[in-house]
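First up is the structure itself, then whatever we jot down about it.
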Amino acid sequence: MREDENVEALLPLPLAAFHILIALSAGECHGYGIILDVEARTSGALRLSPGTLYRTIERLLEDGLIEEPRKKPSGPGNDPRRRYYRITPFGTAVAHAETRRLADLVRLARHAWRAAGESS
Amino acid sequence: MIRLYRALLHVYPKSFRVEYGDEMVAVFGHAYADATPLGRIRLFLTAAGDDVLNALAVHWGILVQDLRYTARTLNRARGFALTAILVTALGVGANTAAFSVADFVLLRPLAFPDPDTLVRLCEGPRTGGGWGCMNQLSPANYRDFKTMSSSLEDMGAFASDAVNLVGGGEPQRLAITPVTFEVLPLLGVKPALGRVFESGDGDRNAVVISQGLWNSQFGGDRAVLGRTVNLNGATYTVIGVMPGGFYFPTRETQLWTALAFRQEDFANRTASYIEAVGRLKQGVTFEQARAELELIADRLAREYPQTNEETGISFFRMRDYMSPRIRLMLIALGGASLCLLLLTCANLANLLLARAAARERELAVRAALGAGRERLMRQLITESVILTLLGGTAGVVVAASAVPLFSSLVPPTLPIASQPGVDLRVLALAVLFTVLTGLGFGLLPAVRAGRTEFAALREGNRAGGGARQRVRAVLVTVEVAMSVILLTTSGLLIRAVSRVQDINPGFAPQNVLTLRTALPRPKYDSPLRRGQFYERVLSEVRALPGVQSAAFTTGLPMAVPGLITGVEIPGREVRSGRSEGVSHRWVTPQYFRTMGIPLHRGRDVAHGDTGDSASVAVVSASFAERYWPGQDPIGKTFLHRVARVRETRTVAGVVGDVKVRGLERNSEPQIYLPARQAPEESPATFDPKDLVIRHSGRTDALVTAVRQIVRAADPEQPISDVRTMDEVLARDTATRRGQLHVLGAFAVVAVLLSGVGIYGLLAYAVSQRSQEIGVRLALGAEPSRVSRMIFADGMRLALFGLVPGILVAYLAARGMSALLFGISPGDPATFGTAAAVALLMTFAGSLVPALRAVRVSPMSALRTE
């Protein structure tokens, strides 16, 4: 119950925050990785600047939507000097809630356009 | 480029930069490496723009957080917050009000173009001395000054008068200033509507009105030009309206008419009834002009020794036309409010330090938990600024409500509005001062928190060193000193006022109502007609229930010094006319009884003293003493000149002296002449116009009844200046009492503030030393010894403050000795009382902490260790 209320209080999410959550849903990632991921996902339409990225990351950390893992992932392609972020269960819940909110909105809009198309 | 980007990151708060700066630079570096040369520039520009916006957002976020935190902490420490806000509000408010008035009166230029070159010229004693316009000019002297002087660009003359305005509701009595055609253009203010007077005689029946009168009498109608008004029974045409904020010569004047001299006006050099205003020529200094005018006065004195032998000049800048006493009072007021501001700052600093000590642990804990020093500082700054801004805002309210209290200190002689607005510059300065104090002392704990973060935690609540205790002790000392200064100076002024109020005015003001019915000429040119009016009004008023007696007089004492004339005594050499001036009034019977002026010998002015009977006079005791020392004055005669008639008058009675010039000034001896013996062509200024009524009962009912009587006698006759003699007397001391109220209030606030300061310091000391005290008590110390120790601490502080306070107070008192009316600046009673009050306040402030110290339980004090 409290969880639900908290989720609702954070909606609607700022665009950058939503994109970062989507990027992190695939797994842990560092800052530049997030920028590249968002850019690729939106076919280059959205390129986050470092300022926007880290301000949003700060907010997401404060609100507990993402966290920094204690242990940095190792392996090829992973730079141990970078700071990594991953989504929390609460973050996932918020991202899902935002998805539902947007989907509902789209459904409503479609419905409205259809109704308008039939009457004319 | 990367380095530039790193530098750019300084727009972010430090905490954010430390956390994410490296990451951001790295991210930027990646993107930079991937981009084309042109793309790199674009990348930098967009990133830079983005960073500025984001930094603002981050700062804002922190501010919101700090504000929330501040609201929470202040809400928890409500007593502290309220005290701090109240202290700031009082300090800022009182200061702003006091300095607004001082600036308005002393510094701000008058509302005329190039006001520094405006000067006024009057006659004065040849020996100099006095202030302002000592004696008015005669048209002949004015003409000679004007034609002979070359240092003035232009010069004009004006007179002062009052007229009855009839038409449109109740008849009104208004101040009017007849001006020569030069005056209004010379002042440089253009009329808002229409035109001003032209040279020649064409504007004889034209009038220029003030904006105030235009609004009240004509409803601000733009078609007012060409309309007529009835002044003293004659018709005048409105030719112009002066703009709002134009005052000349004082704010009283509502109308201006044209003043033009005819040849016969220049005949008599002693007929002084005008003043001159001029503008200095460019490049001519005030002193040069004065030297030239003094030369001219010397020349006139040689040429016309009979009339001008003693005539010099009063020459002064228009800006400087105010009583030296008011000037001194304003300076004293400025000093007092400066004391109060210092006191406020000291108190605020003390409050903040005490609070900082209490929060030391909290801050240390927050620092230990990882809050950066920059973050803590920011939090404390927000808190201090919010507190002082709240205080400052409340201070605006205090200032706005305090300014009207100061209006008795705005001299009526200056052409300025009756009260200033709150001066925003002064307000900003006072707020800035307190904000700086708030910042300075609010930040101290953060500075310490950075240094001692863990020490504070380790040592428990014993943290907080002797250094800060010393700072606080010094602050309390300053507070005590300031309050002693304010207590002493206001104490001296209280003594002066009570001494002034103890002076016998020479009449009994209780239960005397006065009002003015100035009979207009030429309607009342005939003495018979005036006599009929007085008779009718007096007999009907005397018949009213509750009225004991009633009379008419030329002027009330203190409101009007009386017309100063000279007398000649047969067989006595005539000395100077001016140094032997007497104040004379024309009165109807019952005047002395009504005013409560004691009749020493002989008789009152009687109904039978008419033009047909012998010319008599009632004189004051000092008059008799001056001319017939040690003799019986009854039956003695003197020569008195009224208009062009010189007549011999016989002394019929002697009455007590009256302070006609006010309680604090020397008054000329007085003579009273029967109104019915006034010569045929006596000027309107001699007419009895003030009605005085001694009564028992309610004043308002009486006023209504008298109004009806006057209206029945002459429906066009206005009634003005309705007041009681008590009010006339009170007005005489209004400036003094105004000053006293302000200083008194300052002193009370000062005592309260320093009491709070001492209490705060000792209470804090006791809480700091509770372990020590606990140990002492546990080891068998007498509780009384412990409380004596606390008292001794307080007294030591008080004594340290007392000594410099008394010294400065003495110097301040010497500076304002002109205000003290003979009270010595070192008056031991006042200084003793002030010191006693300061000590008493210390005692009161130490009481609670001392009791608390005695009640310290040894067990609980030791257990906290």
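Computed from the coordinates by the stated procedures, all read-outs in this text should not be read as laboratory data. Keep in mind it's a predicted model, so treat the numbers as computed, not measured. In this analysis, Cβ positions are derived from the backbone assuming ideal geometry, glycine residues included, and neighbour counts consider all displayed protein chains.
Rounded to the nearest 20 debye, the dipole magnitude of the range B:2-63 is 220 debye, with +1 charges on Lys and Arg beta carbons, -1 on Asp and Glu beta carbons, and the Cα centre as origin. When the P(r) of the range B:80-143 is calculated, the portion above 16 Å amounts to 70% of the C-alpha pairs.
Remark on chain B: Rg and Dmax equal 36.5, 123 Å (Cα only).
Unpaired Cys in the protein assembly as shown, meaning no second Cys C-beta under 4.7 Å: A:29, B:339, B:345.
Going from the residue with the fewest nearby Cβ atoms within 10 Å to the one with the most, B:317, B:530, A:100 rank A:100, B:317, B:530. The relative contact order of chain B, computed from alpha carbon pairs under 8 Å that lie at least 6 residues apart in sequence, is 15 percent. For the range B:2-63, the relative contact order is 50 percent, taking Cα pairs closer than 8 Å that sit 6 or more residues apart in sequence and dividing their mean separation by the residue count.
Put simply, the convex hull of the Cα atoms in the range B:464-570 casts, on average, a shadow of 16.4 nm². Neighbours of residue B:492, meaning other residues whose beta-carbon lies under 13 angstrom from its beta-carbon, give a summed charge of +3 when Lys and Arg score +1 and Asp and Glu score -1.
Candidates A:27, A:6, A:112 compared by Cα position along the dipole of the range A:2-119: farthest toward the positive end lies A:27, with charges placed on Cβ. Quick one: Debye curve from the C-alpha atoms of the protein assembly as shown, no solvent, what's log10 I(q)/I(0) at q = 0.06, 0.10 Å⁻¹? Each listed q maps to, in turn, -0.70, -1.19.
Positive-end ranking of B:202, B:241, B:147 along the dipole of the range B:137-276, with charges on Cβ about the Cα centre, is headed by B:241.
Cut-off under 24 Å on the C-alpha distance; same-chain residues fewer than 8 positions from residue B:190 excluded. Which lysines are left, in chain and number order? Straight-line reach from residue B:190, under 24 Å: B:146, B:281.
Beta bridges assigned by DSSP with both partners in chain B are antiparallel in approximately 80 percent of cases. Every Cα-Cα pair of the range B:34-175 was included, and the share exceeding 23 Å stands at 75 percent. Annotation: amide H of residue B:312 within the under-5 Å range of B:124, B:126, sequence separation 5 or more or interchain, hydrogens built in the peptide plane.
Remark: the range B:519-717 is approximated by an ellipsoid whose semi-axes, taken from the C-alpha gyration tensor as √(5λ), come to 29, 19, 15 Å, largest first. By other beta-carbon atoms within 10 Å, ranking B:60, B:214, B:131 with the fewest at the front produces B:60, B:131, B:214. Cα to Cα, under 16 Å, and not fewer than 8 places away if on the same chain: which aspartates and glutamates meet these conditions relative to residue A:71? Result set, ordered by chain and number: A:28, A:79.
Cβ-to-Cβ counts within 10 Å put A:111, A:19, B:59 in ascending order as A:111, B:59, A:19, the fewest first. Set against the 2.2 N^0.38 Å expectation for a compact globular protein, the range B:690-804 has a Cα radius of gyration ratio of 2.31.
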